[in-house]
Amino acid sequence: MPARTFMPLAMYHDCVAAESWSRNAMNPTGNSGSQMPAPVHGCSESRHAAGRAVVEVNKLRKSFRSGTSELVVLDQLSLRVLEGEIVAIVGPSGAGKSTLLHVLAALDTPTSGTVYCAGRDLGALADAELAEFRNRQVGFVWQRHHLLADFSAEENVAMPLLLRGISRAEAFGTARDWLNEVGLGARLHHRAGELSGGEQHRVAIARALAGRPSLLLADEPTGDLDAQNAEAIVSLLERLHHAHRLTTVLATHNPHLARRSHRVLKLDRGVLVPSAVAEGELG
Ligand code: ADP
């Protein structure tokens with residue numbers, strides 16, 4: 001992208017603030033934040049998972065103030081997600097799914113309670129450390145993928161790596177690898193705005209994973225796709241999860257996607273409860 005100015009990079013940084021990339025997936029170096037606490041009792045966990053908690057949320061409360069009233073969205077919510085799990089969060093629109101994902105990504109702060117993510121106590125981090133956490137530990141796939149329409153697929157995936165100071169050669173090489181992996185090897189130089197909806201989702205997934213985050217968060221990743229494209233994205237997420245030993249939390253209305261998760265938790269009046277469709281498991 002040599003002919004373009006770097007102004008769009010700042011825009012990009014704003015709109016995908018939760019995109020993050022890490023080569024240091026699980027073992028925090030201890031130079032920021034507290035270490036993970038002892039396990040929270042009473043939280044069901046998947047038998048598929050390897051055992052280390054990537055997410056540990058305890059007594060989370062999140063409310064929004066509107067004038068003189070307070071809207072309590074999350075209340076005494078606990079959640080523990082182990083390395084290797086796929087956890088689906090379901091619930092009606094307005095239940096608080098996006099709010100929860102935003103708190104996990106350190107895009108929003110709890111009103112009270114504790115959130116440990118990738119070994120960091122998010123409440124103990126200073127602003128610069130939170131920015132570093134967002135940049136390195138969490139990959140975020142949004143329903144509206146926030147690609148830069150005028151930039152190529154390759155540039156969209158490479159850009160966050162460039163922002164991290166990775167060399168052009170390495171960033172673009174990594175971008176090409178990931179675009180190949182999501183089936184877009186023949187679309188590297190297409191502008192994002194010229195890609196189909198399903199292809200744009202694939203680019204967004206490649207962008208979220210290119211920096212090897214500790215945690216993948218996906219907010220309605222099939223939300224605006226037709227059934228065929230939604231199924232393709234479900235299969236892709238499932239394949240990538242296993243191939244790259246990801247830890248994934250996704251919010252979805254898609255029962256098919258939810259059933260293919262290890263656990264399904266329903267957001268109900270501010271807390272997470274195991275869902276009736278929770279028994280689906282990946283092969
Ligand atoms: P879901 O993702 O389950 O549809 P959300 O997390 O987006 O739900 O929203 C949960 C509730 O919180 C909604 O009633 C929404 O209007 C409210 N809400 C979300 N963000 C804000 C905010 N920044 N300010 C005030 N209210 C908010």
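What to note about this one:
- Residue in segment 149-158 that is of a type in the set (Gly, Ala, Ser), in contact with a Leu (Cβ under 8 Å, 6 or more places away or on another chain) and in contact (Cβ under 8 Å) with a residue 24 or more places away in the chain present: yes
- Matching strands (runs of 3 or more DSSP E) fully within segment 47-149 where at least 3 residues are of a type in the set (Ser, Thr, Tyr): 112-117
- Top-ranked residue of segment 78-96 - restricted to ones that are within 12 Å of the ligand (Cβ to nearest atom) and crowded, with 24+ Cβ neighbours inside 10 Å, ranked as farthest from Glu238 (Cα to Cα): Gly96
- Residues that are within 19 Å of Pro221 (Cα to Cα) and among the charged types (D, E, K, R) do occur in segment 180-189, at least one of them.
- Yes/no for Ala128 being away from the ligand (no atom under 16 Å from the Cβ) and modelled with pLDDT under 95: yes
- Condition check for Leu100: crowded, with 23+ Cβ neighbours inside 10 Å, at pLDDT 95 or above and within 16 Å of the ligand (Cβ to nearest atom): yes
A quick yes/no check of all residues on (1) within 29 Å of Arg191 (Cα to Cα); (2) in contact with a His (Cβ under 8 Å, 6 or more places away or on another chain); (3) of a type in the set (Val, Ile, Thr):
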residue	(1), (2), (3)
Lys59	no, no, no
Val72	no, no, yes
Arg80	no, no, no
Lys97	no, no, no
Ala126	no, no, no
Leu130	no, no, no
Gly139	yes, no, no
Gln143	yes, no, no
Met159	yes, no, no
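- Ala175 vs. criteria more than 19 Å from Ser235 (Cβ to Cβ), surrounded by 24 or more Cβ atoms within 10 Å (Cβ to Cβ) and at pLDDT 95 or above: yes
- The single condition from (1) among the acidic types (Asp, Glu); (2) over 23 Å from Asp268 (Cα atoms); (3) within 16 Å of the ligand (Cβ to nearest atom) that Asp108 fails is (2).
- Pairing residues of segment 263-274 that are over 10 Å from Asp75 (Cα atoms) and without any contact (Cβ under 8 Å) to a residue 24 or more places away in the chain with residues that are part of a strand (DSSP E or B) and of a type in the set (D, E, K, R), at Cβ distances under 6 Å and at least 6 apart in sequence or on separate chains, gives Val273/Lys266.
- Residue count, segment 212-251 (criterion: buried (at least 24 other Cβ atoms within 10 Å of the Cβ), within 16 Å of the ligand (Cβ to nearest atom) and in contact (Cβ under 8 Å) with a residue 60 or more places away in the chain): 6
- The single condition from (1) touching an Asp or Glu at 6+ places or on another chain (Cβ under 9 Å); (2) within 16 Å of the ligand (Cβ to nearest atom); (3) of a type in the set (Val, Ile, Thr) that Val273 fails is (1).
- Ile166, sole failed condition from (1) modelled with pLDDT of 90 or more; (2) under 25 Å from Cys117 (Cα atoms); (3) within 21 Å of the chain's Cα centre (by Cα): (3)
- Condition broken by Leu257, with the remaining ones in (1) surrounded by fewer than 22 Cβ atoms within 10 Å (Cβ to Cβ); (2) modelled with pLDDT under 90 satisfied: (1)
The values are calculated or read from the model by the stated rules, or taken from the named source; none is laboratory data. Keep in mind the model is a prediction, meaning the values are calculated, not measured. Every residue, glycine as well, gets a Cβ built from its backbone with ideal geometry; the counts of neighbours run over all protein chains shown.
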